[in-house]
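Written out below as structure tokens is the structure these notes cover.
The values are calculated or read from the model by the stated rules, or taken from the named source; none is laboratory data. Quick caveat, the model's predicted, so the values are computed rather than measured. In this analysis, Cβ positions are derived from the backbone assuming ideal geometry, glycine residues included, and neighbour counts consider all displayed protein chains.
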Ligand SMILES: *Cc1c(COP(=O)(O)O)cnc(C)c1O
């Protein structure tokens, strides 16, 4: 059995450290804020090479707060890639703006400057750049285009902890970035958690205030905010896991390297393009085939767990019926062909060989 995700194996590998961290929080009886949250924010900011980090309750809130912190005029148009998780677009609408979907590149599944340029309208004020599957989008060209058109850039780095574009960690390359610590993410909490990163002190201050009731001090509220904080227990757990993250990302890359070696030229299988001069976080290893449904069932029979990210392109969801205007998105057809192979720090490159053997067997039929 080759598992898609194995959080129990991960816990077993670091159990004493995790148990001690949890016990420390219980002993301190500090459950909101405190030293653990501050230390995690400091350590995660350093890890992502960002000047500021604000812990939040989850990345969906984080995206909404980050967008709100930009202070764009209400109803601004914001571009969102059509193949992503709904949080990327939900946050735009919830922050009071209008979503405009556009297609990412067909080989990397990433947003590009050319893609943004094709989708731009005079009303566009910002773009959500998703570092999808853990691979950093080409930030230099995106930031140059954004500067030319006066666009704000929000990085959805929910899948891209530790990823680097041309040697720079993602998250604070654009105006503001957001990370998810949902349990199954590369850096996962034991519940919901997230973080906002930025190099802009004013944005950081505003985001922190929005996430904490618009307050400056305990009962001094400058504006109405909300309650979206990273809790202390999760911060303590994340501090432990952060120490292992680089090793885990390296293990994911070792599995990906092996996939590239053993999966070349199999049937109609299309492998993802790994950009040059990037450190991919390999949250997911996503391949493409016209025979996705039967292949997924075949692999399941052979004990190989897979996933689909995502089965329906965002513009095709019922939630976006109200935006339907006859536009055709490449992402719509793609959604029927994507298949996420087992990937994670719980796997050895040998697992890729077993997956490849099952795939060879399937395509030989
Ligand atoms: C997981 C994810 C989110 C949302 O993260 P939560 O912490 O679960 O709210 C947002 N965007 C992308 C691309 C994700 O994968």
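The table for this structure:
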| item | result |
| --- | --- |
| Residues that are free of Cβ contacts under 8 Å to residues at least 60 places away in the same chain, away from the ligand (no atom under 12 Å from the Cβ) and buried (at least 21 other Cβ atoms within 10 Å of the Cβ), drawn from segment 125-136 | 126, 127 |
| Options 59, 82; residue that is modelled with pLDDT of 95 or more and either within 11 Å of the ligand (Cβ to nearest atom) or closer than 15 Å to residue 176 by Cα (or both) | 59 |
| Every residue from segment 140-158 that is outside any loop (DSSP other than H, G, I, E, B) and either farther than 17 Å from residue 128 by Cα or more than 16 Å from the ligand (Cβ to nearest atom) (or both) | 140, 141, 142, 143, 144, 145, 146, 147, 148, 149, 152 |
| Exclusive hit being surrounded by 16 or more Cβ atoms within 10 Å (Cβ to Cβ), free of Cβ contacts under 8 Å to residues at least 60 places away in the same chain and either closer than 16 Å to residue 161 by Cα or touching a helix residue (DSSP H, G or I) at 6+ places or on another chain (Cβ under 9 Å) (or both), set 37, 92 | 92 |
| Whichever residue in segment 62-79 is in contact with a strand residue (DSSP E or B) (Cβ under 9 Å, 6 or more places away or on another chain) and in a loop (DSSP other than H, G, I, E, B) and, among such residues, is farthest from the ligand (Cβ to nearest atom) | 73 |
| Hey, residue 161 under 28 Å from residue 211 (Cβ atoms), touching a residue at least 12 places away in the same chain (Cβ under 8 Å), more than 16 Å from the ligand (Cβ to nearest atom) and crowded, with 20+ Cβ neighbours inside 10 Å or not | no |
| Subset tally (residues that are assigned to a strand (DSSP E or B) and either near the ligand (Cβ under 7 Å from one of its atoms) or surrounded by fewer than 24 Cβ atoms within 10 Å (Cβ to Cβ) (or both)) for segment 179-190 | 1 |
| Among residues of segment 166-178, those that are surrounded by fewer than 24 Cβ atoms within 10 Å (Cβ to Cβ) and over 17 Å from residue 68 (Cβ atoms), counted | 4 |
| Of all residues in segment 94-120 being within 16 Å of residue 67 (Cα to Cα) and touching a strand residue (DSSP E or B) at 6+ places or on another chain (Cβ under 6 Å), the one that is nearest to the ligand (Cβ to nearest atom) | 99 |
| Qualifying residue in segment 244-258 (condition: at pLDDT 95 or above, in contact with a strand residue (DSSP E or B) (Cβ under 6 Å, 6 or more places away or on another chain) and over 23 Å from residue 67 (Cα atoms)) | yes |
| When residues of segment 298-319 are limited to those that are in contact with a strand residue (DSSP E or B) (Cβ under 7 Å, 6 or more places away or on another chain) and surrounded by fewer than 18 Cβ atoms within 10 Å (Cβ to Cβ), the one farthest from residue 106 (Cα to Cα) | 303 |
| Yes/no for residue 207 being under 23 Å from residue 128 (Cα atoms) and within 16 Å of the ligand (Cβ to nearest atom) | yes |
